[in-house]
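The values are calculated or read from the model by the stated rules, or taken from the named source; none is laboratory data. What you see is a predicted model, and the numbers here were worked out from it, not measured in a lab. Here Cβ is always computed from backbone atoms with ideal geometry, including for glycine, and neighbour counts include all displayed protein chains. Quick note on the areas: whole protein, heavy atoms, side chains included, nothing else; ligands and nucleic acids left out. Shrake-Rupley method; radii C 1.70, N 1.55, O 1.52, S 1.80 Å.
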Amino acid sequence: MHLVSLRLAPYGSLTDLTLELAPGVTVIHGSNEAGKSTVLSAYSDLLCGISRQTPMAFRAPRKDLRIHATITLDDGTSASVTRTTLNSPRDLLDRATKEPVSAALRAALTSNLDDATLRARFGLDHDRLVAG
């Protein structure tokens, strides 16, 4: 799966941010409080769901949090989805129809990942950076 774009509107401290990602490895860097951890949290929440206790609901109410993404699946098909805070199946919607995604697309997106596994694979904290 390749993440093509990620739009946070609103999410955490970001009220409207769109990232367009090229194929290959993407490294996000910036100064403190620039939003790097927020983007990683958004990616995790996109794939794993927005938890009831999310710390990202401090600027906007939890019910208003939205993560929009365009992805290319391993089979080459493209999908545009919106992650909401609603209960399943309305937590993951097709952006065009605003209807729940198919079971096959949901399975392809979630791939049995959990937040801790995803952050270990895609995040880099200070200790891991120093350790190399």
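Data for the structure
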| read-out | value |
| --- | --- |
| Inter-residue pairs, beta-carbon under 8 Å, first in contact (Cβ under 8 Å) with a residue 40 or more places away in the chain and more than 14 Å from Leu109 (Cα to Cα) and in the stretch 62-76, second open to solvent by less than 30 Å² (accessible area, probe 1.4 Å) and in a helix (DSSP H, G or I), 6+ apart | none |
| All positions within the stretch 15-30 that are of a type outside the set (D, E, K, R) and modelled with pLDDT of 90 or more | Leu17, Thr18, Leu19, Leu21 |
| Considering residues of the stretch 1-16 that are open to solvent by 40 Å² or more (accessible area, probe 1.4 Å) and in contact with a helix residue (DSSP H, G or I) (Cβ under 8 Å, 6 or more places away or on another chain) only, the residue farthest from Leu109 (Cα to Cα) | Ser13 |
| Members of the stretch 2-44 that are hydrophobic (A, V, I, L, M, F, W, C), in contact (Cβ under 8 Å) with a residue 24 or more places away in the chain and in contact with a strand residue (DSSP E or B) (Cβ under 6 Å, 6 or more places away or on another chain) | Leu3, Val4, Leu6, Leu8, Leu14, Ala42 |
